[in-house]
Amino acid sequence: MEEKTTIAVVGGGPAGYTAAIRASQLGARVILIENRELGGACLNRACVPAKFLLRSVEIYQLIKDSARYGIGVAEIGIDMADVQSRKNKLVSELITGLTGVIEANDIEVINGRARLLSKESIEITDKKGNRRNLSANKIILATGSQASTLSVLGADSPEIMFAGDILNLGYIPGSMIIIGGGMVGVEMTTILAKMGCRVSLIEMMQHILPDEDAEITAILEDALKRDGVRVYTGAVVKRIDMGDEAKQVFVTIRNIEKTLEAESIAIAAGYEPYLDRLGLDECGVAAGDGCVKVDEYMETSVSGIYAAGDAAGGLMLAYVAMAEGRIAAENALGGHSTIDYRAVPRCTFTLPEVACVGLTENEAKTQDYEVKCGRFPFAANSAASILGERRGMVKIVADNKDDRVLGVHIIGAGAVNLISEATLAIKLGATIDDIKKTMHVHPALLEAIWEAALDAGGEAIHLKR
């Protein structure tokens, strides 16, 4: 006999647990199906562990630089076993907290692998191979993603690492080649380089973080190089050789062949939706480009089945997944909610941090806007000087015709927190004048946003002309 529920959510990551909680808030009976750990890759194997390690190396760097603040430290070092132990403890605590929230919302969690049988029926197989069927009025697919690999000779070697492997290392490698200069690649590069690993970073596009503004990425590339990273852009990987004595990557850089060698090799080519054995074809759920196809309401081609987060493609970011999970739950229960994808911040947790929202200058010009820009360097910001973090800048891209803010791009200390003001500005259709007339605290990093808005009209206060 099938168990029945109002909403069945497949996947317990950010999209899935948010959808489950929102559906419960709206009065639905909810069952959440998860094959691994609650919290998904973000909490267990990606976002949270990466940010913990980044914080560890940030503190390590602060202590190394403590003499600048009149503080003397005799000897410091990184104990990777202790770092990993503390990271695992934090993850465990967060899982416990999330489990408590789910239980408090009366959501039933079933551990097992889900497969669609029809638009209202799911087969669940547990780790022992036992099967049970579940009937649901509406189904939300939130199965997350898995690390992408490369289609080159040698890329299938089991010795090659991925981001999750780097985050679990119990030692600091002497050297590593990281293939992929997107968000994941530069974050892993930052962590390892700050620990003392000699990193070579390979990116096939003309600059790292290829989707971001070139002025911003140039500053990040310089910061990585100052940490000893060798950055190779415009580099196409031809072959990987995981030899016993040497591990090599063969690349072509602007028609010149080059061989890179290191102790370890990692692929950081992003993520792809995880849809394995989900039963999409049998139920007629349309998929393409590796993801489940959805409309603006997060509904698939089959009425009553929704998809959210990485499974639906798009921007594979945890907070986007949460927003989509919430929308899917509301619409599965009769709502008509949508997301404004113009106002999605893109954050890269490096040192310095990178945070952007909206259009780059080049994108705005390509879309035929009459563009004007305002810039303000953190070197001229008193709070940044107090922190000893004078690298970076704020860049605002605006429409010269009506002063509307089209994009904001930040690299520097605290960028990830600063970007929320810019995101709200774009969401609300704010203008340069709106930012100029809004008081900003002094001394504070966020003054740089105000000064960049002033600079768009040649009015910056703390810049020499």
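The values are calculated or read from the model by the stated rules, or taken from the named source; none is laboratory data. Quick caveat, the model's predicted, so the values are computed rather than measured. Cβ sites come from the backbone with ideal geometry, for glycine too, and all protein chains shown count toward neighbours.
Taking the conditions exactly as written (surrounded by 14 or more Cβ atoms within 10 Å (Cβ to Cβ), at pLDDT 95 or above, in contact with a Cys (Cβ under 8 Å, 6 or more places away or on another chain) and of a type in the set (D, E, K, R)), does Glu203 satisfy them or not?
On the way: surrounded by 14 or more Cβ atoms within 10 Å (Cβ to Cβ): yes; at pLDDT 95 or above: yes; in contact with a Cys (Cβ under 8 Å, 6 or more places away or on another chain): no; of a type in the set (D, E, K, R): yes.
Judged against the criteria, Glu203 is not a match.
Elements of the type helices (runs of 4 or more DSSP H) sitting completely within the range 357-441 and holding at least 3 residues that are out of contact with any Leu (no Cβ under 7 Å at 6 or more places or on another chain) and either assigned by TED's automatic domain parsing to the domain that holds Met183 or among the small types (Gly, Ala, Ser) (or both): these cover 415-427.
One line per residue, one yes/no per condition, for (1) among the charged types (D, E, K, R); (2) under 25 Å from Gly144 (Cα atoms):
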| site | (1), (2) |
| --- | --- |
| Lys4 | yes, yes |
| Ala46 | no, yes |
| Leu54 | no, yes |
| Tyr60 | no, no |
| Lys64 | yes, no |
| Tyr69 | no, no |
| Val73 | no, no |
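Looking across the range 64-96, the residues that are of a type in the set (Val, Ile, Thr) and under 16 Å from Ile191 (Cα atoms) come down to Ile78, Val83. For first residues located in the range 252-274 and among the basic types (Lys, Arg), partners that are surrounded by fewer than 20 Cβ atoms within 10 Å (Cβ to Cβ) and lie 6+ apart or on another chain with Cβ distances below 7 Å form the pairs Arg254/Gly234.
The single condition among (1) surrounded by fewer than 20 Cβ atoms within 10 Å (Cβ to Cβ); (2) more than 22 Å from Thr217 (Cα to Cα); (3) in contact with a helix residue (DSSP H, G or I) (Cβ under 9 Å, 6 or more places away or on another chain) that Ala321 does not satisfy is (1).
If the condition is being surrounded by fewer than 18 Cβ atoms within 10 Å (Cβ to Cβ) and aliphatic (A, V, I, L, M), then the range 385-427 contributes Ile386, Leu387, Val416, Leu424. In the set (1) out of contact with any helix residue (DSSP H, G or I) (no Cβ under 9 Å at 6 or more places or on another chain); (2) of a type in the set (Ser, Thr, Tyr); (3) under 30 Å from Ala223 (Cα atoms), Thr348 fails one condition alone, (1).
Could you please find all residues in the range 141-182 being in contact with a Pro (Cβ under 6 Å, 6 or more places away or on another chain) and polar (S, T, N, Q)? Listed by number, the list holds a single entry, Ser145. Of all residues in the range 228-246, those satisfying the criterion of being without any contact (Cβ under 8 Å) to a residue 60 or more places away in the chain and touching a strand residue (DSSP E or B) at 6+ places or on another chain (Cβ under 9 Å) are Gly228, Val229, Arg230, Val231, Tyr232, Thr233, Gly234, Ala235, Val236, Ala246. Evaluating Val30 against the criteria (1) in contact with a helix residue (DSSP H, G or I) (Cβ under 9 Å, 6 or more places away or on another chain); (2) surrounded by fewer than 21 Cβ atoms within 10 Å (Cβ to Cβ); (3) in contact (Cβ under 8 Å) with a residue 12 or more places away in the chain; (4) among the β-branched types (Val, Ile, Thr) leaves one unmet condition, (2).
Being at negative phi and not assigned by TED's automatic domain parsing to the domain that holds Ala114: is that true of Ser301 here? No.
For the range 180-200, residues that are more than 15 Å from the chain's Cα centre (by Cα) and either modelled with pLDDT under 95 or not in a helix (DSSP H, G or I) (or both) total 5. Counting only strands (runs of 3 or more DSSP E) that sit wholly inside the range 245-285, those with at least 3 residues that are at pLDDT 95 or above, in the same structural domain as Leu201 (by TED's automatic domain parsing) and surrounded by fewer than 13 Cβ atoms within 10 Å (Cβ to Cβ) are 256-262. Determine which member of the set Ile124, Ile63, Ile107 is in contact with a Gly (Cβ under 8 Å, 6 or more places away or on another chain) and either within 24 Å of Val416 (Cβ to Cβ) or surrounded by 19 or more Cβ atoms within 10 Å (Cβ to Cβ) (or both). Just one listed residue meets the conditions, Ile124. In summary, Arg36 fulfils each of the numbered conditions (1) of a type in the set (Lys, Arg); (2) touching a residue at least 60 places away in the same chain (Cβ under 8 Å); (3) part of a loop (DSSP other than H, G, I, E, B) with the single exception of condition (2).
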